[in-house]
Structure formats: C-alpha cells, structure tokens
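Here is the structure we will look at.
Each value in this text was obtained by applying a stated rule to the coordinates, not by laboratory testing. Just so it is clear, the model here is predicted, and its values are computed rather than measured. As a convention, Cβ positions derive from the backbone with ideal geometry for all residues, glycine included, and neighbour counts pool all protein chains shown.
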Amino acid sequence: MAVRIGVIGAGAIGKDHARRINHVLSGAKVVGVSDVSADNAASLKAEVAADAQLFATGEELISSDQVDAVLVTSWGATHEQYVLAAIAAGKPCFCEKPLATTADGARRVVDAEAAAGRRLVQVGFMRRYDAGYRLLKRVVDSSIGVPLMVHAAHRNPSVPEAYVTPMAIHDTLIHEIDVFRWLLNDDYVSTQVVYPRVTTKSHSKLRDPQIILLETAKGVRIDVEVFVNCQYGYDIQCQVVGEEGLANLPEPMAIQMRKDASLQTPIMTDWKQRFIDSYDVELQDFINAAASGTASGPSSWDGYVAAITADACVMAQEQSGSIIPIELPVRPALYH
Ligand code: NAP
C-alpha cells in the first residue's frame, strides 16, 4: 500500500516535492497539505495533489490517522516544532534543511528521536544523493589513497539584497558542511574564515567572497570559496587530493560547442537545476524507508552537527582570522 504523506509548507520546495511524490516517484501519495498561507495550500492541491485534504495546522495533519509520514517544507524557523510532533506521533518525517534554526533546537530533535529508539527523521541534505558526489565518494573511498585536502567552491551568479553575510554559512555553506563529512567519513574540529578583497557587485551587509577553512579530526584541510555574486553562473566545485591521486566532482552534463573560433560549454545559472535529480533520489529513499516505519539517509544527528558547525563558522566570520574550535557532544548509539 502507498505511504500516505502529509506536506507541511506548500511553498516552492513543498510543491515541487509533492509533484515528485505524486507524479515521478513510486510507493507514496500526498494525502494532506497544511500551510499558514491558505492560498499556497490550495495552489499545491490544485496543481499537484487534487485528492489531498487541507489541514488547518501542521499538528492536525501530523495527528491524522490518514497520514503515515510527514514532509516538513515550511519556513525554517517552524521545522523543529513539526519534526518533534512527528516523532511524538511515531511517524517518519522528511525535514528540509535546516533541521532547526539553532543547535539547541536540533539537539532537542536528536534527544527526542534517540528516546523514541528508532530512526524517524531524514534531513534534506540532497547532495548525498547526487550522482556526481556518489561517484566522487566511490573514488575517494577506493582509489586515491588517504584524503589529505579538499579544495571547493560554491558560487552563485548573484543573490537578493536580503542575503547578508551569515547567510553565506546558514544557506550556502551548509550543504558543503554536510556533504564533506559524508564524503570523508570524518568530523570537523575547527574552522576559520578569511575575506579576500570585496567584490564591487556585493552590498554593504554582505562580505563577498569569503574563504572558509575547515579542519577535520583525521587532519584533512578543506578550503571552500563561497562567492555568491560571481556573475558568471551557479558553479559547484570540489577536488579531493589524496596520497595517491586526486579526484574532481564531475561537471554537470552539457554540450560542448566549437563556434565563432571558441570552444564553449554552457554553465548553469539556476541553483534549482543543479541538483534536481538528487531530489528525486532522496525522496524515493525517504518513501522506501517510511514504508517500513523508519528513516534513512542524513539523520537528525547530521542536522545537529551541521548546526554546531555552522554556528562555529558564523563565529569565525565575526572573528575573521581566528581559529574557532568545533566540539561535538557524544554521539547517541542510535546514530553509530
Ligand atoms: P517558501 O517558498 O517561502 O515556502 C515556505 C512555505 O511555508 C510558505 O508557503 C510559507 O507560507 C509556509 N509556512 C511558513 N510558516 C509556516 C508554518 N508555521 N506552518 C506551515 N507552513 C508555514 O520557501 P521554500 O523555498 O519552499 O523553502 C522551504 C524550506 O526548504 C526552507 O527551510 C529552505 O531552506 C528549504 N529548502 C531547501 C532546499 C534544498 O536544496 N535542500 C531548496 C529550497 C528550499 P508564507 O508564504 O505565507 O510565509
């Protein structure tokens, strides 16, 4: 029987995930929708989930006996309360990042899930499901010897005026923070942020670009350039240097042209396109695990560690040049 899914948060990603569940993936159906915006909920229902019931609140949706599993795609500050309610109801829950807007909030989710005694939460770190990162991981695990360094970049053509300096960590670097832990099977012990010359394409509340230096427990050094007004495109780079060779994240597939006396390959400009296929894979993984009443993939613990690391990186931004230690609490047995 199809997993009956309730969606809390009918904005851009909520609607897109509901479309995937009903029209692309198998084994699940969207049966409920809730959003503080009745218009957004009605629009999701009209466009991609005609049979879904509209719920006045997320809590009502979670407690409905018509709903087997929950998707939390509302505004970030509301995630924690819905994930905690889903855990209390014993229902598998896919939560878009962030798991919570504070490390303390993420800790409350970890504690609740650990007390429940089984995995119920998957956090929306979709890069782990990207075919390119998966190939890279296979090579890092098997072919280039012990990893020593990672050189990475996360570049956007431009960002809105509302995007300010800490968002380079919480909204942008957060994906690198999670994926490098997974890629290297390692944890961070310190971070440092240094600022190159500022681009004239930025504004007074955004220091852009920035370089984040992470150090792992095994001694790997990672440098990530975050440059969100780079003008030329949305560009994700990752190179892992090992003892016996180095490996690059593959470029997205694109046609190479010879034209007008130049060799040309288009670069994406829209971040939504870059990992579009990975969203399908991550949600299918959620559906498959939810069918057995559990969750897999990035866990609450991963969401919590990402929050602790992000907080340290923001402190490193504020104290540019200083090395900020990252200390993790003991990992509960559920996440071993
Ligand atoms: P969005 O378009 O603003 O959608 C958020 C929706 O949640 C809106 O309809 C909003 O209503 C609604 N909402 C706000 N408070 C709520 C509450 N208390 N209960 C139920 N619904 C509520 O944002 P989005 O782009 O879809 O992003 C949603 C989340 O997904 C964010 O946390 C974001 O970081 C994450 N996200 C992740 C990725 C990824 O790559 N993994 C990509 C995109 C987004 P109003 O419009 O009335 O406020």
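Observations
- Counting only alpha carbon atoms, the long axis of helix 79-88 and the longest principal axis of the chain meet at about 50°.
- Residues of region 171-186 with amide N under 19 Å of a point placed 7 Å along Cα→Cβ from Lys201: 172-173
- Extending 7 Å from the Cα toward the beta-carbon at both Gln273 and Val139 defines two label points whose distance is 2.4 nm.
- Whole-Hz couplings from phi, Karplus 6.51/-1.76/1.60, listed for region 133-141; x for Gly and Pro: 5, 5, 5, 4, 4, 4, 5, 4, 5
- Value of D in µm² per second that Stokes-Einstein yields for the chain, Kirkwood Rh from Cα pairs, at 10 °C (1.306 mPa s): 76 µm²/s
- A simple charge model with +1 on the Cβ of Lys and Arg, -1 on the Cβ of Asp and Glu and nothing else charged puts the dipole of region 131-274 at about 320 debye relative to its Cα centre.
- Gain in span if fully extended, Trp75 to Leu54, counting 0.36 nm per residue against the direct Cα distance: 5.8 nm
- Sites count as exposed loop sites when they are trypsin sites (Lys or Arg not before Pro), lie in a DSSP loop, and have at most 12 other Cβ atoms within 10 angstrom; the longest stretch of the chain without one is 1-196.
- By DSSP, the beta bridges lying fully in the chain are antiparallel in about 50 percent of cases.
- Shown here for region 246-336: GluC sites (Glu not before Pro) in loop regions (DSSP other than H, G, I, E, B) with at most 13 other Cβ atoms within 10 Å, namely Glu327.
- In region 56-121, GluC sites (Glu not before Pro) in a DSSP loop with at most 15 other beta-carbon atoms within 10 Å: none
- Centre separation in Å (Cα based) which lies between region 305-325 and region 38-73: 37 Å
- Modelled this way, with points 7 Å down the Cα-to-C-beta line, the labels at Ser292 and Thr101 are 3.6 nm from one another.
- Student exercise, the chain dipole from Lys, Arg, Asp, Glu Cβ charges, in Debye to nearest 20: 420 debye
- Column: log10 I(q)/I(0), Debye, Cα scatterers of region 275-322, q = 0.15, 0.17, 0.23, 0.33 Å⁻¹: -0.59, -0.67, -0.83, -1.04
- Backbone phi angles across region 174-190, fed through the Karplus curve with coefficients 6.51, -1.76 and 1.60 (θ = phi - 60°), yield HN-Hα couplings of 3, 5, 5, 3, 6, 5, 6, 4, 5, 4, 9, 6, 8, 10, 8, 10, 7 Hz in residue order; Gly and Pro are listed as x.
- In the calculated pair-distance distribution of region 226-336, the portion above 18 angstrom amounts to 74 percent of the Cα-Cα pairs.
- Fraction of alpha-carbon pairs over 28 Å apart in region 1-148 - percent: 25 percent
- At most 12 other Cβ within 10 Å, DSSP loop - GluC sites (Glu not before Pro), region 190-252: Glu243, Glu244
- Least to most buried among Tyr232, Tyr195 (fewest other Cβ within 10 Å first): Tyr232, Tyr195
- Under-5 Å amide H pairs with Ser190, H placed in peptide plane, nonlocal only: Glu215, Ile326
- Only lysines eight or more places from Lys97 in sequence, or on another chain, were considered; those with a Cα closer than 26 Å are Lys15, Lys29, Lys45, Lys137, Lys205, Lys272.
- Estimated vicinal HN-Hα couplings, Hz - region 323-331 in sequence order (Karplus 6.51, -1.76, 1.60; Gly, Pro = x): 8, 9, x, 10, 10, 9, x, 5, 7
- Taking only Cα atoms of region 131-274, radius of gyration then Dmax in Å: 16.3, 50
- Gyration tensor (alpha-carbon) shape descriptor, region 182-252, a/c threshold 1.5: oblate
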